[in-house]
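Each remark here refers to the structure printed beneath this line.
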Amino acid sequence: MTASDLIARARAGDDEAFRQLTEPHRRELHRHCYRMLGSFQDAEDVLQDTLLAAWRGLDRFQGRSSIRTWLYRIATNQCLNALRSAGRRPAKEWDVPEIEPPEPTRRGEVVWLEPYPDALLAPAIAMPLGPEARYEQAESISLAFITALQILPARQRAVLILREVLGYPAAEVADMLDSTVESVNSALKRARATLQRRLPSSTDADSPPSPASPAEQALVARFARAYESGDIDALVALLTDDVHISMPPMPLEYVGRDAVAGFYAALMSADRTYHMVPTRANSQPAFGTYLRSAIDGIRRGTGLLVLTLAGDRISAVTRFDNSVFPWFGLPRSLPHR
């Protein structure tokens, strides 16, 4: 059945035809909303709003663009509406009992950030990109990129994603945003300048090893062994000189080996024994961390660690709380071992 047939049936009230029309784009739209909002859960909510708006507005689809482009227009504007209406989310206080963290190096600007499960990224490679896309798919979902996007004003963020992640021409982006080509180009120029300052410049020497390659697996395995054994010296030896730790929604950040070593010394004190369960987030290796109880031996989930790799070292560790476990199929606890 052609797209025209599906549109006609959907306009007549056939919800299955509408599902067939929109389902091929669902995951890429979810990723788009995630880039815009920095939140997995908020992206899910806005995607539902997008599909509802598309269902209700299908009579207004005039066929001047593809259904995919029309859905991106709706999704982008739904995200902009959500960003306008959202209040500033409060930072979270340190909540690890019995542990007093050292003074942080700095407080992060972006405290509201959530990870994205790699299990939902599998179809991304086949996603059609426009000729003007500048970012590789893995790069455009990395935590560093998502964090940098959240610094941008909302419309600059939308323009950069539509132009340089998805590769839409300036004229189409202007139409999506009810703007002008001149305004789009100006916003893109400002967004590029901000990202250039925020994102580290990479060289071949600090490019991460390929996903699931022997080099990546070896480095990640060494990190897990050091973390589980509480060997801080071995852990710090795996880090770059300018490594940084962040913990959204807690604003505390530690930068540099010495500061990170002090943080881990506090975290791993008091006979705390961790167990690591591997997963992947944002095209990066990750671990669910579980802390063994001295009372009943049960290992309870404490958080998700996402590693950013640079060459044969780790340049960043981002910690999220255990509320994200269900998205990664991680259990809340592991039995006594």
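The values are calculated or read from the model by the stated rules, or taken from the named source; none is laboratory data. As the structure is a prediction and not an experimental result, all values here were calculated from the model. All Cβ positions, glycine included, derive from the backbone under ideal geometry; neighbour counts span all protein chains shown.
Laid out as a table, the results:
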| read-out | value |
| --- | --- |
| Failed item in (1) over 21 Å from Phe320 (Cβ atoms); (2) of a type in the set (S, T, N, Q); (3) not assigned by TED's automatic domain parsing to the domain that holds Leu152, with Thr194 passing the rest | (3) |
| Residues that are of a type in the set (Asp, Glu) and at pLDDT 90 or above, drawn from region 101-135 | Glu103, Glu114, Asp118 |
| Those residues of region 291-332 which are more than 26 Å from Ile146 (Cα to Cα) and in contact with a strand residue (DSSP E or B) (Cβ under 6 Å, 6 or more places away or on another chain), in sequence order | Leu291, Arg292, Ile298, Arg299, Arg300, Arg332 |
| Filter pass, Glu228 being of a type in the set (D, E, K, R), in a strand (DSSP E or B) and out of contact with any helix residue (DSSP H, G or I) (no Cβ under 7 Å at 6 or more places or on another chain) | no |
| Criterion violated by Ser179 - all others in (1) more than 30 Å from Gln62 (Cβ to Cβ); (2) over 20 Å from the mean Cα position of the chain (by Cα) satisfied | (1) |
| Members of region 301-337 that are among the charged types (D, E, K, R) and at pLDDT 90 or above | Asp312, Arg313, Arg319, Asp321, Arg332 |
| Single condition Glu23 does not satisfy, out of (1) in contact (Cβ under 8 Å) with a residue 12 or more places away in the chain; (2) in the same structural domain as Tyr168 (by TED's automatic domain parsing); (3) within 24 Å of the chain's Cα centre (by Cα); (4) farther than 20 Å from Val173 by Cα | (1) |
| Only listed residue being hydrophobic (A, V, I, L, M, F, W, C), under 30 Å from Arg313 (Cα atoms), surrounded by 18 or more Cβ atoms within 10 Å (Cβ to Cβ) and touching a helix residue (DSSP H, G or I) at 6+ places or on another chain (Cβ under 8 Å), chosen from Leu166, Leu177, Leu152 | Leu152 |
| Top-ranked residue of region 241-261 - restricted to ones that are of a type in the set (D, E, K, R) and assigned to a helix (DSSP H, G or I), ranked as nearest to Pro101 (Cα to Cα) | Asp258 |
| Filter pass, Trp70 being of a type outside the set (Asp, Glu) and at pLDDT 90 or above | yes |
| Search result, residues across region 281-302 that are assigned to a strand (DSSP E or B) and surrounded by 20 or more Cβ atoms within 10 Å (Cβ to Cβ) | Ala281, Gln284, Pro285, Ala286, Phe287, Gly288, Thr289, Tyr290, Arg299, Gly301 |
| Residues satisfying the stated conditions in region 43-68, i.e. charged (D, E, K, R), closer than 15 Å to Glu23 by Cα and without any contact (Cβ under 8 Å) to a residue 40 or more places away in the chain | Glu44, Asp49 |
| Selection count, region 239-266, where residues are out of contact with any Gly (no Cβ under 9 Å at 6 or more places or on another chain) and either under 15 Å from Val110 (Cα atoms) or surrounded by fewer than 20 Cβ atoms within 10 Å (Cβ to Cβ) (or both) | 11 |
| Which numbered condition Ala193 fails, given (1) in contact (Cβ under 8 Å) with a residue 60 or more places away in the chain; (2) not in a strand (DSSP E or B) | (1) |
| Filter result for Ser179 (modelled with pLDDT of 95 or more and either in the same structural domain as Glu28 (by TED's automatic domain parsing) or part of a helix (DSSP H, G or I) (or both)) | yes |
| Any hit, region 75-90, residues being surrounded by fewer than 16 Cβ atoms within 10 Å (Cβ to Cβ), of a type in the set (Gly, Ala, Ser), out of contact with any Leu (no Cβ under 9 Å at 6 or more places or on another chain) and closer than 28 Å to Asp118 by Cα | no |
| Residues being closer than 20 Å to Ala154 by Cβ and of a type outside the set (Asp, Glu) - total across region 92-114 | 5 |
| Lone unmet requirement of (1) modelled with pLDDT of 90 or more; (2) surrounded by fewer than 18 Cβ atoms within 10 Å (Cβ to Cβ); (3) not in a helix (DSSP H, G or I) for Ala212 | (1) |
